[in-house]
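**Student:** Have a look at this one before I ask anything.
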Amino acid sequence: MSIFKKLVDIKNWQRTTKTIAIVILAVLALVIVLSAINVSEQDMLNHASDSVKQLIEEEKTSSRKSLTITYDNLGVVSYISFTTSGASAIKESYVGFAGSIYGADQGAGKFAGQMVNYTYRMLGTGENLLHGVKLTLLLTTLSMLIGALMSIFLALGKISENKLISKLSSAYIFFFRGTPLLIQMFVIYFSVPGIFGFSWRSLFSAADPEAVYKGAFIAALIAFSLNAAAYCAEIVRAAIQSIDKGQNEASKALGLSYGQMMRTVIIPQSIRRMIPPLCNEFVMMIKDVSLVFAISLMDITTISKTIMTSEGNYLVFIPALLIYLVITAIFTFIFGKIEKRLSIYE
Amino acid sequence: MSEYQHILSTEHLYKSFGPLEVLKDINLAVKKGEVICIIGPSGAGKSTYLRSLNQLEKITSGKIFIKDELFLHREHNRTIHRVEPDAQKAMLLEMGMVFQRFNLFPHKTVLENVMLAQVLVRKKSKDAAEKLAKEIIERVGLSDKLDVYPSKLSGGQQQRVAIARALAMEPEIMLFDEPTSALDPELVGEVLNVMKGLAKQGMTMLCVTHEMGFAREVADRVVFMADGMILEEGTPKELFDHPTNEKAISFLRSIL
Amino acid sequence: MKKIIALALALAMMLSFAACAAKEAPAEPAAATAAAAAVDMSGVKLMQDGVLTVGMEIGYPPFEDFAEDGTTPIGYDVDFAKALGEKLGVTVNFVNTAWDGIFQGIGVNYDCAISAVTITAERKESMLFSEPYINNYQAVVVTKDFSGKIGSFLDLNNMAIAVQKETTSDHLMSDYVSTSSITATISANEKITTCFTQLENGEVDAVVVDSTVADGYLASNPDKFVKAFQDESEPEQFGVAMAMDNTTLQAAVNEAIAQLTAEGFFESNVAYWFGK
């Protein structure tokens, strides 16, 4: 509610906020206009050469499907290509922008077309959440949330006066920080089902063609969460132990129990100190997601490698880098905001 | 008078940090309403004694009585007797503590600092806690700072909030551990005034302090500690004007 | 506390969204519609009735690759799998999987692996193979301007060689090096394209690779590479890999392959994908 009030209260916005808002609105308006006037899929299809149109007709009756029509619409720009497979492949492609259609078989048009196609594929547009950017975001956010929650208990366990709990927590942290995430994921995906006699795929309906990928995602989510918990635990522990001993003594003198002290005094103060290292951990994890290629999931890195394999074009890494930078920038910004909000008392 | 003789007393209290013995055979009995100032050179064990009373330090040996009831008895680092946990908690709440470095909760406002333990420990309703908190904050003269975070307050103001926070638990004894030592000289007075006010209202107080003027004016009894022992005690007049112990004489000479 | 609840809600929403979105997603587009089976399928156990789930490392052109839309699998094996499905009277569902671990998934995540899998005695100990559906040889590919002559793998002495990791080519080269038959630097890459890019950039002197893959590359890059040597003495054969206990499926697949051979499917498929 307070956020809403703040947003409405334009008069009291800071100058920079106003500037940013204006720029965002301007860009948004431009995007909407450009998207609105862009050519439709039908127009793009009609733009194909006669030989390709003839091929499309032949394809309808042919038993071997050799023609693939790719239509990638990114709003402002769209891309269409007609490609045949096999040893004698032919390719025809066009880029649509601001109401006109340009050839994309060579020169700048080709570059633009490739960028649109690659970006579209890495964003995982038109596919479910387990592809591309969506997979990266889903896996990192979920495992970071679960991991951070677990890490609080691990950190408290590690600094606990109970020797057994402390040793167990330390052992957990040591194990997950001391072994590679990839191997942990392999163990969870390959070894664990073998030992306990189930398969990740069988967690979902047999009729679901995506069951394999969903199963792999669950396994990856578990591996990433367990791993994140270990790394976050060290961050949380360091933050908790950085809080002045006097806070502990004052709480005791006031009669607060250990749990009350942790919940209301120590952890709220340490959270602010956790934010910057947690942000680092988060950014690292965004990149670690590329490990899921090993269990059949397609994240940004895997998709760009796949494109590299089929097209041998190293330009594919340009949109990949840009996408990673944008994600990282957005999350760094969000974490910065959270940190600022939590520091109001300082 | 009250149903007990001493509100707080210790017998043969010893405390060591490893091989270092910081408290040696401390015997002290406090009557209700009494104001006792503990003075002495640094390293004398004054703070450790105060912190031992409310269990921030574990004593090595000795007995602690609260309202004549044996609260804790330890010999050679082994607990011989201690009261039930619930009773222990209740007895500890009879003591309020004010620290040298204030130790306010920096992420809570002044009002929240004073309300927190009332709600969590005394299980009061928010309204009741707020009402009492506002009263006490007014008593320490900070009614205009209710919603301010501690970092925005001066040292003297912070210490007054810390006193209010301790008072809000309605203790019978207040322990002050060098409450003015971390303050700039011009801020000492406002804190001492609050403490004087408390003394006047009859609060039992145990103050470790370097403020001799305060001790002379307010204390019923002054205790001189050095090397972990109580070397001399008496009324302010006796101790300040006619000290007999040699260490006390040289200490008083050095600071007066 | 409210924040935590809000967070939990958001989480739940994301999860349910994930579930819904996944449900709405159409089945892999590969599916060839089930027609009357030409092969007796009685007693064949599939993971899902009426669907042959095929594990494939989609990223090994021209055997398996994604079309430019990033979702349609294409390639020699894809066409073969579809033809196989038609013969068995089932639809085909492709599961893209990493080459590492592809065999562990057989019988767990998919019914069989059709992914340019070479039939070897070693592999036969842990899985069933169909009859071979294509012959393959180990070949050496060099750049157009390569001046030397290669008559056998021994001529690769003192060269830098790129291979795809964990493939027959990799094992072959490792054998040559470990037995000190030749001294060579082996660069084992995740992807076969990386090998060819290394060759083009001069990082390595030669690529050892399946002849079929080499033919596909040469067909699409005739001005860059040449095949310097092909080891005809030791043909390799690709087969469909199935779980050890799935003999009924093995019999059905073999019957289908026999029928496809008789119909000339493999000849036309080779001509289409390898251009000869």
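The values are calculated or read from the model by the stated rules, or taken from the named source; none is laboratory data. Keep in mind the model is a prediction, meaning the values are calculated, not measured. Reconstructed Cβ throughout: ideal geometry from the backbone, glycine too, with neighbour counts over all protein chains shown. The accessibility values were calculated without ligands, DNA or RNA, using every heavy atom of the protein model including side chains. Shrake-Rupley method; radii C 1.70, N 1.55, O 1.52, S 1.80 Å.
**Student:** For segment A:290-307, indicate whether the set of residues that are in a loop (DSSP other than H, G, I, E, B) and more than 10 Å from every other protein chain (Cβ to nearest Cβ) is non-empty.
**Tutor:** Of all residues in segment A:290-307, those in a loop (DSSP other than H, G, I, E, B) come to A:296-297, A:299.
Subsequent filtering for residues that are more than 10 Å from every other protein chain (Cβ to nearest Cβ) retains A:299.
Yes, the conditions are met somewhere in segment A:290-307.
**Student:** Please determine whether any residue of segment A:320-333 is closer than 28 Å to residue A:154 by Cβ, without any contact (Cβ under 8 Å) to a residue 60 or more places away in the chain and within 14 Å of chain B (Cβ to nearest Cβ).
**Tutor:** No - not one qualifying residue is present in segment A:320-333.
**Student:** To continue, here is another question. How about segment B:1-110: which strands (runs of 3 or more DSSP E) wholly inside it have at least 1 residues that are in contact with a Cys (Cβ under 6 Å, 6 or more places away or on another chain), open to solvent by less than 70 Å² (accessible area, probe 1.4 Å) and within 14 Å of residue B:175 (Cα to Cα)? Before you say what the answer is, go through the steps one by one.
**Tutor:** Working: elements: B:8-17, B:20-30, B:35-39, B:61-66, B:69-75, B:78-82, B:95-98.
Of the strands (runs of 3 or more DSSP E) lying wholly inside segment B:1-110, those with at least 1 residues that are in contact with a Cys (Cβ under 6 Å, 6 or more places away or on another chain), open to solvent by less than 70 Å² (accessible area, probe 1.4 Å) and within 14 Å of residue B:175 (Cα to Cα) span B:35-39.
**Student:** Quick one: in segment A:198-213, of everything that is at the interface with chain C (Cβ under 7 Å from one of its Cβ atoms) and part of a helix (DSSP H, G or I), which residue is nearest to residue C:102 (Cα to Cα)?
**Tutor:** The initial filter retains those residues of segment A:198-213 that are at the interface with chain C (Cβ under 7 Å from one of its Cβ atoms), namely A:199, A:201, A:206-207, A:209-210, A:212.
Retained after the next criterion (residues that are part of a helix (DSSP H, G or I)): A:201, A:212.
Working: A:201: 15, A:212: 13 Å.
So, considering only residues that are at the interface with chain C (Cβ under 7 Å from one of its Cβ atoms) and part of a helix (DSSP H, G or I), the one nearest to residue C:102 (Cα to Cα) is A:212.
**Student:** Out of the residues in segment A:46-74 that are touching a strand residue (DSSP E or B) at 6+ places or on another chain (Cβ under 7 Å) and under 30 Å from residue A:28 (Cβ atoms), which is farthest from the other protein chains (Cβ to nearest Cβ)?
**Tutor:** Within segment A:46-74, the first condition is being touching a strand residue (DSSP E or B) at 6+ places or on another chain (Cβ under 7 Å), and the residues that meet it are A:47-49, A:52, A:55-56, A:59, A:66-72.
Next cut, under 30 Å from residue A:28 (Cβ atoms) only: A:47, A:70-72.
Details: A:47: 17, A:70: 4, A:71: 8, A:72: 8 Å.
Ranking the candidates gives A:47 first.
**Student:** So which pairs qualify, if the first residue must be in segment C:87-110 and in contact (Cβ under 8 Å) with a residue 24 or more places away in the chain and closer than 17 Å to residue C:75 by Cβ, the second must be part of a strand (DSSP E or B) and open to solvent by 30 Å² or more (accessible area, probe 1.4 Å), the Cβ gap must be under 8 Å, and the two must be at least 6 apart or on different chains?
**Tutor:** Taking only residues 6 or more apart or on different chains, the pairs are C:93/C:48.
**Student:** Still on this structure: Would you check if residue A:125 is within 10 Å of chain C (Cβ to nearest Cβ), touching a Leu at 6+ places or on another chain (Cβ under 9 Å), touching a residue at least 40 places away in the same chain (Cβ under 8 Å) and surrounded by fewer than 19 Cβ atoms within 10 Å (Cβ to Cβ)?
**Tutor:** Details: within 10 Å of chain C (Cβ to nearest Cβ): yes; touching a Leu at 6+ places or on another chain (Cβ under 9 Å): yes; touching a residue at least 40 places away in the same chain (Cβ under 8 Å): yes; surrounded by fewer than 19 Cβ atoms within 10 Å (Cβ to Cβ): yes.
It is true that residue A:125 is within 10 Å of chain C (Cβ to nearest Cβ), touching a Leu at 6+ places or on another chain (Cβ under 9 Å), touching a residue at least 40 places away in the same chain (Cβ under 8 Å) and surrounded by fewer than 19 Cβ atoms within 10 Å (Cβ to Cβ).
**Student:** Considering each of A:142, A:135 in turn, give the residue that is modelled with pLDDT of 95 or more, of a type in the set (A, V, I, L, M) and open to solvent by less than 10 Å² (accessible area, probe 1.4 Å).
**Tutor:** Details: A:135 fails: modelled with pLDDT of 95 or more.
So the residue among A:142, A:135 that is modelled with pLDDT of 95 or more, of a type in the set (A, V, I, L, M) and open to solvent by less than 10 Å² (accessible area, probe 1.4 Å) is A:142.
**Student:** Suppose the filter is among the charged types (D, E, K, R) and either assigned to a loop (DSSP other than H, G, I, E, B) or buried (at least 17 other Cβ atoms within 10 Å of the Cβ) (or both); does residue A:337 pass it?
**Tutor:** Values: among the charged types (D, E, K, R): yes; either assigned to a loop (DSSP other than H, G, I, E, B) or buried (at least 17 other Cβ atoms within 10 Å of the Cβ) (or both): no.
No: the conditions fail for residue A:337.
Rundown of residues vs (1) within 20 Å of residue C:138 (Cβ to Cβ); (2) at pLDDT below 95; (3) of a type in the set (D, E, K, R), yes/no style:
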{"position": "C:213", "(1), (2), (3)": "yes, yes, no"}
{"position": "C:223", "(1), (2), (3)": "no, yes, yes"}
{"position": "C:232", "(1), (2), (3)": "yes, yes, yes"}
{"position": "C:244", "(1), (2), (3)": "no, yes, no"}
{"position": "C:262", "(1), (2), (3)": "no, yes, no"}
{"position": "C:265", "(1), (2), (3)": "no, yes, no"}
{"position": "C:273", "(1), (2), (3)": "yes, yes, no"}
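**Student:** Evaluate segment A:335-344: report whether one residue or more is touching a helix residue (DSSP H, G or I) at 6+ places or on another chain (Cβ under 6 Å) and within 12 Å of chain B (Cβ to nearest Cβ).
**Tutor:** yes
**Student:** Moving on. Kindly indicate whether residue C:262 is open to solvent by less than 50 Å² (accessible area, probe 1.4 Å) and closer than 22 Å to residue C:135 by Cβ. Steps first, please.
**Tutor:** On the way: open to solvent by less than 50 Å² (accessible area, probe 1.4 Å): no; closer than 22 Å to residue C:135 by Cβ: yes.
So residue C:262 does not fit the description; no.
**Student:** Could you run through segment B:215-229 and say how many residues are outside any helix (DSSP H, G or I) and not hydrophobic (A, V, I, L, M, F, W, C)?
**Tutor:** At the first step, the residues of segment B:215-229 found to be outside any helix (DSSP H, G or I) are B:219-229.
Cutting the leftovers down to not hydrophobic (A, V, I, L, M, F, W, C) gives us B:220-221, B:227-228.
So the answer is 4.
**Student:** Which residue is farthest from the other protein chains (Cβ to nearest Cβ), if the candidates are limited to segment B:117-145 and must be surrounded by fewer than 16 Cβ atoms within 10 Å (Cβ to Cβ) and more than 21 Å from residue B:194 (Cα to Cα)?
**Tutor:** Checking each candidate, the answer is B:127.
**Student:** Still on this structure, I have one more. Can we say residue B:54 is touching a Leu at 6+ places or on another chain (Cβ under 7 Å) and closer than 30 Å to residue A:269 by Cα?
**Tutor:** On the way: touching a Leu at 6+ places or on another chain (Cβ under 7 Å): yes; closer than 30 Å to residue A:269 by Cα: yes.
Against the criterion (touching a Leu at 6+ places or on another chain (Cβ under 7 Å) and closer than 30 Å to residue A:269 by Cα), residue B:54 qualifies.
**Student:** Enumerate the strands (runs of 3 or more DSSP E) found wholly within segment C:194-257, keeping only those where 1 or more residues are away from every other protein chain (no Cβ under 14 Å) and touching a Gly at 6+ places or on another chain (Cβ under 8 Å). Walk me through how you get there before you give the answer.
**Tutor:** Working: elements: C:206-210, C:225-230, C:236-238.
It comes to C:225-230.
**Student:** Quick one: which of B:166, B:182 is part of a loop (DSSP other than H, G, I, E, B) and of a type in the set (A, V, I, L, M, F, W, C)? Quick ask: steps written out before the conclusion?
**Tutor:** Working: B:166 fails: part of a loop (DSSP other than H, G, I, E, B).
The match here is B:182.
**Student:** Go through B:161, B:114, B:148 for me and flag whichever is under 30 Å from residue B:43 (Cα atoms) and within 12 Å of another protein chain (Cβ to nearest Cβ). Reasoning before the result, please.
**Tutor:** On the way: B:114 fails: under 30 Å from residue B:43 (Cα atoms); B:148 fails: under 30 Å from residue B:43 (Cα atoms).
When all the criteria are applied, what remains is B:161.
**Student:** With the condition kept exactly as written, say whether any residue in segment C:238-258 is among the polar types (S, T, N, Q) and under 25 Å from residue A:86 (Cβ atoms). Steps first, please.
**Tutor:** Keep residues of segment C:238-258 that are among the polar types (S, T, N, Q), which gives C:246-248, C:250, C:254.
Adding the requirement that they be under 25 Å from residue A:86 (Cβ atoms) leaves none.
Looking for residues that are among the polar types (S, T, N, Q) and under 25 Å from residue A:86 (Cβ atoms), one finds none in segment C:238-258, hence no.
**Student:** Select, from B:197, B:202, the only residue that is touching a Gly at 6+ places or on another chain (Cβ under 6 Å) and open to solvent by 10 Å² or more (accessible area, probe 1.4 Å).
**Tutor:** On the way: B:197 fails: touching a Gly at 6+ places or on another chain (Cβ under 6 Å).
Going through B:197, B:202 in turn, just one is touching a Gly at 6+ places or on another chain (Cβ under 6 Å) and open to solvent by 10 Å² or more (accessible area, probe 1.4 Å): B:202.
**Student:** How many residues does segment A:150-181 contain that are of a type outside the set (Gly, Ala, Ser), closer than 30 Å to residue C:101 by Cβ and surrounded by 17 or more Cβ atoms within 10 Å (Cβ to Cβ)?
**Tutor:** Adding up the residues that qualify gives 6.
**Student:** Collect the residues in segment A:269-321 that are at pLDDT below 85 and in contact with a Leu (Cβ under 7 Å, 6 or more places away or on another chain), keeping them in residue-number order.
**Tutor:** A:294
**Student:** Taking the options C:98, C:116, name whichever one is within 29 Å of residue C:207 (Cα to Cα) and in contact with a strand residue (DSSP E or B) (Cβ under 9 Å, 6 or more places away or on another chain).
**Tutor:** Values: C:98 fails: in contact with a strand residue (DSSP E or B) (Cβ under 9 Å, 6 or more places away or on another chain).
Only one candidate passes the filter, namely C:116.
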